[in-house]
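Structure, as structure tokens:
What follows is calculated from the coordinates using simple rules that are stated; it is not laboratory data. This one's a predicted model, so the numbers in the text were calculated from it and none came from an experiment. Using ideal geometry, Cβ is built from the backbone for each residue, glycine included, and neighbour counts are taken over all protein chains shown.
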Amino acid sequence: MKDTSPKSRKPRTNAVHAGTRRSQYGEVSEAMFLTQGFVYPTAEAAEERFLNAGRDDFIYARYGNPTVAMFEDRIAALEATEDAFACASGMAAVNGAMMSILRAGDHVVAARALFGSCLYILEEVLTRFGVEVTLIDGTDLSAWQAALRPDTKVAFFETISNPTLEVIDIAGVADLAHAVGALVVVDNVFATPTYSRALELGADVIVYSTTKHIDGQGRCLGGVICGKQDFIRGTVEPYLKHTGGSMSPFNAWVMLKGLEHLDLRVHAQTETATRLAANLTDHPKLTRVLYPHDPRHPQHDLACRQMDAGGTVLSFEVAGGREGANRFLNALDIVIISNNLGDAKTIATPPYSTTHQRLSEDRKATLGITPGLIRLSCGLEDTDDLIDDILTALDAV
Ligand SMILES: *Cc1c(COP(=O)(O)O)cnc(C)c1O
């Protein structure tokens, strides 16, 4: 019999078909099951459902829902993991992954260059419950080696960090972490499922904020945790279904439809980012351009080994510090000032004064978050129009 499993198909096919569950009406577009609960035909069936629910036996939307299950199966097929659990936001996913694995007395090693809310979970939440956290320079394998201990349960990092686009060696960290029996949990937002090879390189748990490229049009919050089936159903699901971080059916439907054209969008956005990075190299108003596939990126070789392309985001430092950055931002016409990324609209973010404002000056300096830094998430507009907008705005600096 012909193999019709996701494994036998390519990502673009899985992005359109994997996980589909058709109702008795045979609808083409996936149905949105906007329901909290489910009807049991008899009292005995109700009892049996609570006792022994299979993957397609639904009870309550916090536990699971057909639209959410379609999204989970589709993203798992794209990421090549056995299973996935969909969450209310990227932070519900990061929190859910960490809280479901860890207990008092455990140790976590994490890269210090992290999304601000991830830092909050590590430094403010986990430590309150007796988990010890060591933050290191994630690009330095000897720092991982030195920090990992027999009681380390999790190694956590963003595979490409926000906003300075450091690339972390997934295979290198995984070898070291697995040697002490720790799980490798990665926040893979900047790599996107399109360029992700996280599982193959040794990550055990892959987390996405689906708010970013997977929605791709700036509408809904969402997150997902991908991993082995026994981990997802035995460790993650009990924690999330009882603590309330599940994804809503409406958001799951938006994300599910977003996956259908994720690959096309991410490729187009990456092409723009690549062209922009090339156009900005050596620009007299810029003191630094950061793009993983730019030959001058500090981890260029690793970035090329780990990813087929540089991704949809680039960062650069405008001359003249905060004053320069503000002049640039205020002179933009097409590009908007905001803080999402992966959106169809190109977005410029000044991390120093917005997303990373809370960090101390020292910490910002260590992370390379300077007053002139701009993170640019490339959208789906015409590339020539974007280049023109950005070069014109740089003239104002
Ligand atoms: C946005 C983001 C998050 C948080 O996701 P939300 O959906 O906003 O909760 C976590 N990690 C990274 C790298 C992100 O970009």
Exercise. Once the Cα atoms of helix 262-280 and of the chain are each reduced to a long axis, what angle between those two axes, in degrees from 0 to 90 to the nearest 10, is obtained?
Worked result: 10 degrees
Exercise. Helix 249-260: angle to the longest alpha-carbon principal axis of the chain, degrees 0 to 90, nearest 10?
Worked result: 60 degrees
For this session: Specify the angular offset, from 0 to 90 degrees and rounded to the nearest 10, of the alpha carbon long axis of helix 170-179 from the longest principal axis of the alpha carbons in the chain.
Result: 60 degrees
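Taking every DSSP beta bridge with both residues inside the chain, roughly what % is antiparallel (nearest 5)?
Of those bridges, close to 55 percent are antiparallel.
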Seminar exercise, completed: Cβ density ranking, 10 Å radius, fewest first, applied to Ile136, Ile214, Ile369, Ile336 yields Ile336, Ile136, Ile369, Ile214
Exercise. Where does each of Lys285, Lys10 land when they are ranked from fewest to most other beta-carbon atoms within 10 angstrom?
Worked result: Lys10, Lys285
Problem set entry | Calculated Rg and Dmax of region 262-395 using C-alpha coordinates, Å | 14.1, 40
Problem set entry | Proxy reagent accessibility, fewest Cβ within 10 Å first, across Trp144, Trp253 | Trp253, Trp144
Exercise. How fast does the chain diffuse by Stokes-Einstein, in µm²/s, taking the Kirkwood radius from C-alpha pairs at 20 °C and 1.002 mPa s?
Worked result: 98 µm²/s
Exercise. What number, in percent, do you get for the relative contact order of the chain if the mean sequence gap of Cα pairs under 8 Å and at least 6 apart is divided by its residue count?
Worked result: 16 percent
For this session: Would you mind counting up the charge near Lys153? Only other residues with Cβ under 13 Å from its Cβ, with Lys and Arg at +1 and Asp and Glu at -1.
Result: -2
Problem set entry | Part-to-part distance (alpha-carbon centres) for region 309-335 and region 76-152, which is given in Å | 30 Å
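Hey, what did region 262-395 get for relative contact order, percent, Cα under 8 Å, at least 6 apart?
Contact order relative to length: 28 percent.
Show me the chymotrypsin sites (Phe, Trp or Tyr not before Pro) within region 1-88 that DSSP assigns to loop and that have at most 14 other Cβ atoms within 10 Å of their Cβ. Before the final figure, lay out the partial values.
Details: sites: Tyr25, Phe33, Phe38, Phe50, Phe58, Tyr60, Tyr63, Phe71, Phe85; in loops: Tyr25, Phe33, Phe38, Phe58, Tyr63.
In loop regions of region 1-88 (DSSP not H, G, I, E or B), the sparsely surrounded chymotrypsin sites (Phe, Trp or Tyr not before Pro) are Tyr25.
For the cross-link pairs Lys285/Lys364; Lys153/Lys345; Lys285/Lys345; Lys257/Lys345; Lys228/Lys257; Lys10/Lys257, which exceed 27 Å when the distance is taken from alpha carbon to alpha carbon?
Lys153/Lys345
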Seminar exercise, completed: Helix-only [θ] at 222 nm, the chain, -39500 (n - 2.57) per DSSP H run of 4+, per residue, nearest 500, equals -10500 deg cm²/dmol
